[in-house]
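Inspection log for the structure reproduced underneath, given as structure tokens.
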Amino acid sequence: MTVSGKRPRKVRVDFQKKRTPRRRSAPPTPHTWEDSEESAAATQERLTGKGDLTRRRTVLVEGEEGAGEPRLAVDEARCLRGRVLYAIGAQHCAVQTPEGRRVECVVRRLVRTLARDARSAVVAGDEVLWEPTGPDSGVIVRVEPRRSTISRGSAHREHVIAANIDQAVIVVSVVDPPLKPALIDRFLVSAEKGGVRAVVCLSKVDLIEPADVQPIAGVYARIGYDVVLTSVVTGQGLARLRELLQGRESVLTGQSGVGKSSLINAIDPSLELPTQEVSADSGKGRHTTRVAELLSLSCGGWIVDTPGVRQMQLWNVAPGEVEGYFREFRPFVPDCRFPDCTHTHEEGCGIQRAVHEGLIATTRYEGYLRILLGDAGR
Ligand code: GDP
Ligand code: ZN
């Protein structure tokens, strides 16, 4: 028997463990959608050997077994394509059609079930198949495999910040909130793992002496990242940032209050994003950016403005993997005496030697240690 990669096959999936049903407030759209397939007949409840109540059901998927994520088998003739602009919670999102029309969609329950380890099944930037349910509404029936992601850990689940983007612009202010190189390193690891190019943007440079920002800028420029120093007050670096964004799909990530929305407004004033005042007492800033949203830039390209994160926890990065995401470590790893060297305490460690010789920046090595030793990512 020949098995075509396109022919649907059956797999069994676990539903989320039963939770106490929560009362939901009315959805932001008037459309509701009944998933007729998800009837009681298709869903079975059974007791596992351990006595846990699980719910399993059979779904049709496409693609060879073991070949990446399964894609739900859907009737493509009834579906349209689109790109997710933003998602609100797990169920509602705005989708842009290839012709530039905007539709409001709900997410089919099965799609959410398959993504049960994720904070949301559908994120800004996702390519989706959807079925129309009205003139400006529809149901997302499949999320296509993501070619790149930028994500973090959030309450033991993966929070994919954005998908299918070319680059992550990691925005850190030189002061206010204070610069934390360890945070840059975490975002860089996330970008390296997710397969997106990274740009380091040091913002609010009007607030300090130029000489004080050079050392940290040098650390990242020397290892091959594009570094741009910006100020929306003096206009420094904005032309260069625009050049880096033009024609690309980028996500702007960084703590709340570092000036992401101000930068986007400076690059494209027509977007008129709300900005915030840093609260004087905490220095942490208040949240103003709502949800991650894919925005079209008038200079060409797309940008995802993200809600500021207070912490950047890495998602699903094994300790042994971390060295591989510190690009300047790679040439020195073969010098380590032990093949399983963690570069923390071992004798004859090529990485520690390179740090002593000034070939690897101390702050980067510290960033590595902090990730390995698992601090909270502050
Ligand atoms: P976001 O949370 O990252 O989007 O940050 P906002 O764009 O809302 O900016 C936070 C605060 O920093 C606001 O009070 C801005 O006016 C201020 N800010 C943003 N960029 C600059 C800058 O280049 N220089 C200075 N001095 N302040 C800035
Ligand atoms: Zn080592």
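The values are calculated or read from the model by the stated rules, or taken from the named source; none is laboratory data. Here the structure is a predicted model, which is why all the values come from computation and not from measurement. For neighbour counting, all protein chains shown are included, and Cβ atoms are generated from backbone atoms with ideal geometry for every residue, glycine included. Areas reflect the complete protein model, heavy atoms only, side chains present, ligands, DNA and RNA absent. Shrake-Rupley method; radii C 1.70, N 1.55, O 1.52, S 1.80 Å.
Some notes on this structure:
- Additional length obtainable on full extension of the chain from residue 60 to residue 208, 0.36 nm per residue less Cα span: 47.5 nm
- Pairs of Cα atoms farther than 19 Å apart, the range 314-377, %: 23 percent
- Estimated translational D of the range 72-162 in µm²/s (Stokes, Kirkwood radius over Cα pairs; 25 °C; 0.890 mPa s): 188 µm²/s
- Peptides 294-301, 139-146, 256-263, ordered by how many other C-beta atoms sit within 10 Å of their residues on average, highest first, read 256-263, 139-146, 294-301.
- Residue-level accessible surface for residue 238, protein heavy atoms, 1.4 Å, Å²: 20 Å²
- Each Cα pair under 8 Å and six or more residues apart adds its sequence gap; the mean of these over the residue count of the range 211-275 is a relative contact order of 20 percent.
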